[in-house]
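Have a look at the structure below before the remarks.
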Amino acid sequence: MALKNYFLITVIALFTWGNGVAQDDAGRQITVEDIWKNYRFFPSFPSEFNWMNDDNFYSVLKNGKIEKYSVEKQERVETILDVSELKDPDTGEKIDVKTYSFAKDERQILLKTGIEPIYRRSSREITYVWDQDREKLHKLQAGEKVSFATISPDGNQVAYMYANNLYIYNMEAMKARPVTSDGMVNQIINGGTDWVYEEEFAFTRAFFWSSDSEKLAYYRFDERHVREFSMTMYGDLYPEEYRFKYPKAGEENAFVDLFIFDIVSGKNIPVDLGPEKDQYIPRIKWTKDRNKLAVMRMNRLQNQNEVLMVDGTTGKSEVILTEQEDTYVEQPSDNTWIFLDNGEEFLWQSERSGYNHVYRYDFSGKMLQQVTSGKFDVTEITAVDEAAEFIYYMSTEVSSLERHLYRIRMDGKKKTRMTEEDGWHSVTFSKNNTFYMDSYSTITTPTRAALYNQKGKEVMVLEENKRLAKTMAAYALSEPEFMQIPTEGGEKLNAYIIRPADFDESKAYPVMMHVYGGPGSQTVKNQYLGFNYFWHQMLAQKGYIVVSVDNRGTGGRGEDFKKVTYGELGKYETLDQIAAAKWLGQQSWVDADRIGIWGWSFGGYMTSLCLTKGGGTFSLGIAVAPVTNWRFYDTIYTERYLKTPKLNPSGYDDNSPIQFAEDLQGDYLLVHGTADDNVHYQNSIEWSDALIGNAIPFDMAFYPNKNHGIFGGLTRLHLYRKMTDFVLDNL
């Protein structure tokens, strides 16, 4: 559901960044063109960074070459492959490589070009494999676009999905063989996920090699009975209809099966997932034992998650661990479980204590140790050093507004904080945990990427974004302030506030609030916040105070704070935003008659509720791509927080803006992309119909053929000009 970087890949693909600003521009004013046309505030990152098997080296894709760098020497030591000189073996044309990845032994390199996005995370692309030993370029599926190509651990095979079927290409024989044959669009998917798994369980490649390369475990989705959603695509004399399977809350999901393909025998072995078909399989993973496959099995209401251990030869399974909650079990990630090299134990993350922590189990399901504890959340296990018996993880222990790296022994002792700088850290360890890359930022400092050793000592800077920092210094930016806003119920809500640079406490300013507010999310972070932050700075330059508040239901503050919204999504979140606006209105430096709010996706939903349930607290709202009735949204996300419409009808209706259209007060701008596969345009059509039916005036902007990110060409420039004018004219 989260909008997060929905357009980021497209942005990176389309633009070369130029952050330079002339010296005489000091103190200049931000324009929408600076943000969304010239992209002055986009940070740089190491391009296609990959750790090598030897921890002393890493590689990047730079100027058409895969370059190898030494950590010790801090310099380039070798060109691994000049991809700009590669030519298609059939056409002789040069290949414009966009991404690369190595086989486990680094003797083969997977190269992708012609990348065609499908949904948020999925794509299809023309894929090649460069064999370094033979200096030979292989082309998969005769140059047709395939998805999720992955080299086997032994480097001899490549598995991929094409036309909803799973294939394995043998490098030595230079031939592909089908693993499945029944795949068909909008019917059967082999080796890839359906729309709702991709969006809500956040993975797309649905096949996994065993460590010995002799087995391939894969998903099969049967979505023949799932209802289709259609979107009209404009541009031709007769618009075309795009149809895809989208299970809405309470409707039927795809049936999901697992199979293990035996490479030698060619047999597909079905995995025993139990008699229930209406369930989820949010993750599978091979253990270090080449014949043991671990499977997560979650019930439809998502308040129970089980770990099954599967025999790779027979497909038989047994439950070894059951996680249960009265509300819902947190959405699993790849690092929710980590299987240790000893082949007997695994690490598991759970909120059973009220906060997310790390536990250690054996393969019988016996808990051996609670590794971390305290009133903070572990947000990710980043690495495990079994030889030294250390676990590395990210947590909120310093502050819910920040993320920091910690190290702790597997027995829960000798905890050490590894990151010293205030801010938001994101860490990637080398293959053998000798070094890690730390990308960190603050709300006022763009991303800085550097390499550190195991002891946390910096050894090499990769990117400092000095040009961007210089660009930012040239603008008249206000210093944001973090604060807590009290509510009548005694809660203290995290917030940040941006005041005009010439702020005068004796004056009363209009306020523009920014909200997302969805479960587990955060907008209030000590992190470089990107383009919206600079739009907010632009509004501050024009005389507005900008405030963002994280209501109850958001993340980083434990289970109780987050899950209080269960069954009544939108209720407490809206009450908190209204309470924050009223508190602001009581301050002498705020004009209580001029408080606006805006948000995207869940934030658009929140904006719409605030203007209907706020009783005139807000005089303006901008809702971009809002959910307006949870009955229109997908099964996995919606039922996780509301159960099904049949079990909890009031939870769906009591906080649907459509039910309160007659109560909307204030100037209101509704924005939506007509090809939004996520939050369907249907939401805004039904919502606008309800407003019209109650003779409520509002403004609307729709963007033809644009998805949830409403991006492409000058679309974002147009949108933010529209939003800016709406604020200036009405607030």
What part of the accessible area of the range 259-335, given as a whole %, is carbon or sulfur when the probe is 1.4 angstrom? 44
How long are the semi-axes of the ellipsoid equivalent to the range 324-391, from square roots of 5 times the Cα gyration tensor eigenvalues, in whole Å, largest first? 20, 14, 11
I want to make sure I understand the PRE zone here: with the label point 7 angstrom from the Cα of Ser588 toward its beta carbon, which residues in the range 474-509 have backbone N atoms less than 17 Å away? 503-509
Starting from the Cα-Cα distance between Lys104 and Glu135, subtract it from 0.36 nm times their residue separation and give me the gain in nm to one decimal. 9.4 nm
Compactness of the chain, expressed as Rg and Dmax over alpha-carbon positions, Å: 26.0, 81
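What is the packing order of peptides 621-632, 431-442, taking the mean over residues of other C-beta atoms within 10 Å and listing the highest first?
Details: 621-632: 26.1, 431-442: 19.5.
Most protected by this proxy first, the peptides run 621-632, 431-442.
Given the peptides 408-420, 188-200, arrange them by the average over their residues of other C-beta atoms within 10 Å, most packed first.
The packing order, highest mean first, is 188-200, 408-420.
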Estimated vicinal HN-Hα couplings, Hz - the range 368-374 in sequence order (Karplus 6.51, -1.76, 1.60; Gly, Pro = x): 8, 6, 8, 7, 10, 7, x
Accessible area expressed per residue, the chain, with surrounding protein chains retained (probe 1.4 Å, Å²): 41
The range 219-273: proportion of alpha-carbon pairs further apart than 17 angstrom, %: 59
Please check which bits of the range 372-399 a label hung off Asn342 would reach, taking the label as a point 7 Å along Cα-to-C-beta and the cut-off as backbone N under 15 Å. 384-391
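Sort 107-116, 311-320, 237-246 by the packing proxy (mean of other Cβ within 10 Å over each peptide's residues), most packed first. Each step should come with its number before you reach the end.
Values: 107-116: 18.3, 311-320: 15.5, 237-246: 13.1.
In descending order of packing, they fall as 107-116, 311-320, 237-246.
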Kindly point out which whole DSSP H helices in the chain project their C-alpha atoms 30 angstrom or further along the helix axis while averaging a Kyte-Doolittle hydropathy of -1.0 or above. none
Could you work out what % of the accessible surface of the range 593-731 is carbon and sulfur, using a 1.4 angstrom probe and leaving DNA, RNA and ligands out of the count? 47
Let a ≥ b ≥ c be the square roots of the eigenvalues of the Cα gyration tensor of the range 417-460; is it rounded (a/c under 1.5), or, if not, prolate (a/b larger than b/c) or oblate? prolate
Please state, to two decimals, what the Cα-based radius of gyration of the range 168-227 comes to when divided by 2.2 N^0.38 Å (N = residues). 1.30
Could you state the principal axis extents of the C-alpha atoms in the range 494-635, from the largest down, to the nearest angstrom? 48, 33, 27
Report the Stokes-Einstein translational diffusion coefficient (µm² s⁻¹, integer) for the range 411-490, Rh taken as the Kirkwood radius over Cα pairs, at 20 °C with viscosity 1.002 mPa s. 139
How long are the semi-axes of the equivalent ellipsoid of the range 377-461, taking √(5λ) for every eigenvalue λ of the Cα gyration tensor, in whole Å from largest down? 21, 16, 9
Round to the nearest 10 and report in Å² the accessible area of Asp576, as given by a 1.4 Å probe over the protein chains' heavy atoms. 0
Could you tell me the center-to-center distance, by alpha carbons, between the range 237-257 and the range 557-615 in angstrom? 32
Gyration tensor (alpha-carbon) shape descriptor, the range 128-202, a/c threshold 1.5: prolate
How long is the gain from Asp385 to Lys37 if the chain were fully straight, where each residue apart is worth 0.36 nm and the alpha carbon distance is subtracted? 120.7 nm
Cα gyration tensor category, rounded, prolate or oblate, for the range 360-518 with a/c compared to 1.5: oblate
Sequence order, the range 551-559: Karplus ³J(HN,Hα) from phi using 6.51 cos²θ - 1.76 cosθ + 1.60, θ = phi - 60°, Hz rounded, Gly and Pro as x, gives 6, 4, x, 7, x, x, 10, x, 5
Farthest towards the positive end of the dipole of the chain, among Val264, Val97, Thr204 and with Cβ unit charges of +1 on Lys and Arg and -1 on Asp and Glu, lies the Cα of Val97
Kirkwood Rh (inverse of mean 1/r, distinct Cα pairs), the range 629-697, angstrom: 13.2
The range 100-244 -> Rg/Rh from Cα coords, Kirkwood Rh, value 1.01
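The values are calculated or read from the model by the stated rules, or taken from the named source; none is laboratory data. The model shown is predicted, which means the values in this text are computed figures rather than measured ones. We place every Cβ from the backbone using ideal geometry, glycine too, and count neighbours over all the protein chains shown. Please note that ligands, DNA and RNA were not included when accessible areas were found on the heavy atoms of the full protein model with its side chains. Shrake-Rupley method; radii C 1.70, N 1.55, O 1.52, S 1.80 Å.
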